[in-house]
Amino acid sequence: MQPSTPPFDERLTAPRSWWFIAVLVGIACALMLLPLGTLPLLAGLAGGTALSAVAVSAYGSARIRVVAGALVAGDARIPLSALGEAEVLDGEEARAWRSYKADTRAFMLLRSYIPTAVRVTVTDPVDPTPYVYLSTRQPRQLAAALGAAAPAA
């Protein structure tokens, strides 16, 4: 018997331009080592590119999932019973909730290169977190998955 697929699963990958920048960092490292010879130049190219690619990959490895009665966002695991309504935010509204409307107590998994988001209120009276802000490329699907999974939780 196979486990059921999660109703929502998204990886917040970094944009392609960041990978190009990682290559440029490797070239810059190579140019810094150019006066030392060909071997250090190649080592700088390989090492600089690899280190910057690891940094881009690590930053873009955040995932958002709705699975097993919980919302898993990055390192946070929030039971669906502690969550209220999910609000889909378009580009302008998402920018507002990232800046002047933001509450410092909120849990935010935001990526500036993703224009849309979902804001989910936290209904747990013990938790001081007012809401969860999640950058997502698929805000309507995430809100629908949270709405569909909430009655089952």
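Does residue 62 satisfy being touching a residue at least 40 places away in the same chain (Cβ under 8 Å), closer than 30 Å to residue 26 by Cβ, of a type in the set (A, V, I, L, M, F, W, C) and touching a Leu at 6+ places or on another chain (Cβ under 7 Å)? It is true that residue 62 is touching a residue at least 40 places away in the same chain (Cβ under 8 Å), closer than 30 Å to residue 26 by Cβ, of a type in the set (A, V, I, L, M, F, W, C) and touching a Leu at 6+ places or on another chain (Cβ under 7 Å).
Output the residues belonging to the stretch 108-120 that are open to solvent by 50 Å² or more (accessible area, probe 1.4 Å) and not in a loop (DSSP other than H, G, I, E, B). Correct list: 108 only. Within the stretch 15-33, the set of residues being in a helix (DSSP H, G or I) and either at pLDDT below 95 or within 20 Å of the chain's Cα centre (by Cα) (or both) comprises 16, 17, 18, 19, 20, 21, 22. The residue of the stretch 10-50 that is nearest to residue 75 (Cα to Cα), among those that are open to solvent by 70 Å² or more (accessible area, probe 1.4 Å) and in contact (Cβ under 8 Å) with a residue 24 or more places away in the chain, is 11. Scanning the stretch 62-107 for residues that are on the phi > 0 side of the Ramachandran plot and either open to solvent by less than 20 Å² (accessible area, probe 1.4 Å) or under 18 Å from the mean Cα position of the chain (by Cα) (or both) yields one hit, 74. Scanning the stretch 130-153 for residues that are among the hydroxyl-bearing types (Ser, Thr, Tyr) and either within 18 Å of residue 61 (Cβ to Cβ) or open to solvent by 30 Å² or more (accessible area, probe 1.4 Å) (or both) returns 135, 136.
The values are calculated or read from the model by the stated rules, or taken from the named source; none is laboratory data. Every value quoted in this text rests on a predicted model; they were computed, and no experiment measured them. All Cβ positions, glycine included, derive from the backbone under ideal geometry; neighbour counts span all protein chains shown. Ligands, DNA and RNA are excluded from the accessible area calculation, which covers all protein heavy atoms including side chains. Shrake-Rupley method; radii C 1.70, N 1.55, O 1.52, S 1.80 Å.
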